[in-house]
1. What about residue 221, is it among the basic types (Lys, Arg), outside any strand (DSSP E or B) and outside the structural domain of residue 137 (by TED's automatic domain parsing)?
2. Check residue 240 against each of (1) at pLDDT 90 or above; (2) on the phi < 0 side of the Ramachandran plot and name the one condition it does not meet.
3. Are any residues in region 28-41 among the charged types (D, E, K, R) and either in a loop (DSSP other than H, G, I, E, B) or surrounded by 18 or more Cβ atoms within 10 Å (Cβ to Cβ) (or both), and if so, which ones?
4. For region 238-292, which positions are in a helix (DSSP H, G or I), charged (D, E, K, R) and touching a residue at least 12 places away in the same chain (Cβ under 8 Å)?
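The values are calculated or read from the model by the stated rules, or taken from the named source; none is laboratory data. Quick caveat, the model's predicted, so the values are computed rather than measured. Cβ: placed from backbone, ideal geometry, glycine included. Neighbour counts: every protein chain shown.
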Amino acid sequence: MTDQQKLFRVFRLIQLLSQPPYRRVDRLAEILEITPRTVYRYINLLEELGYQIDKKEGDRYFLHMEFAQDGQLIDTEEAGFIQDLLWQASSGHPLRDRLLHKLNRQYTLAPMAQSLAKFAVYEHIRAIGAAIEGGRRIMLHNYHAPSSDTLGSRSVEPVEFMQGYTYLWAFDLDKQAYRQFKLDRIGEVEVLDEPIEGEHESHALDLFGWTGPQWLPVKLRLSSYAHNLLLEEFPDARPFVRTSKGQSLFDGMVRDWRGIGRFILGLPGEVTVTEPEELKDYLRKRVGEGGW
């Protein structure tokens with residue numbers, strides 16, 4: 001495992017520890033594709049760096065965040081002002097999404113914006129977050145399905161929020177399939193006294209906005225132009241880009257070839273795939289299909 005891959009897995013562990021549903025070490029090891037012993041080693045490393053990691057009932061680890069202490073950072077009033085600005089920003093921006101997540105985890109705040117619709121969405125977030133935390137099923141009442149333009153109720157097992165708290169990823173018990181639900185289309189959220197059964201797979205997105213069943217390692221050589229464009233369009237890629245002997249290199253992980261493939265094929269002659277062969281095969285197939 002390269003240093004970049006180790007760093008990625010540590011960052012991913014922080015993410016898993018900081019948002020429900022919280023998981024046992026064996027499940028964390030499965031998601032990160034490492035051994036439970038390595039998970040314990042990473043947890044010890046994070047604790048040495050000052051992170052406060054604790055366990056809930058059932059040996060489910062989580063990251064304890066308590067930043068509003070002694071006036072060292074921001075107080076509740078300041079956090080509310082920042083949150084108001086973030087709610088007004090367009091969804092999908094990685095910084096907006098990250099900051100909204102942190103504020104919703106660290107402060108019990110409603111958005112300061114006067115919009116009733118935004119306040120309703122925030123109430124949905126609070127109810128769904130509590131259900132995820134408590135491992136409970138929920139009922140989505142008066143959900144407006146755009147495909148049929150009808151209102152209905154959906155019984156689901158919530159898994160996680162997506163795209164800066166714009167969507168909920170959940171298992172639809174009626175359809176027996178995973179689906180995403182837009183929060184502003186939900187009329188009311190009812191937390192049921194029924195436990196979530198079994199473990200659900202994360203639907204986390206990679207740097208290029210795609211998801212998939214597993215993380216796939218990728219190594220690229222980038223021209224100066226491709227280097228600058230990558231960091232401009234995908235700023236979260238910065239930790240995985242380095243320069244060696246005047247050559248810009250990307251050493252990261254993705255969940256689907258389509259996102260990174262679109263980036264590579266959009267820059268002919270500017271990007272060279274070093275690894276893996278599967279990505280090279282995918283690109284050759286797309287070029288042969290004339291789909292780009």
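1. So residue 221 does not fit the description; no.
2. Result: residue 240 fails condition (1) only.
3. 33 - this is the single residue of region 28-41 that is among the charged types (D, E, K, R) and either in a loop (DSSP other than H, G, I, E, B) or surrounded by 18 or more Cβ atoms within 10 Å (Cβ to Cβ) (or both).
4. 258, 262, 278, 286 - these are the residues of region 238-292 that are in a helix (DSSP H, G or I), charged (D, E, K, R) and touching a residue at least 12 places away in the same chain (Cβ under 8 Å).
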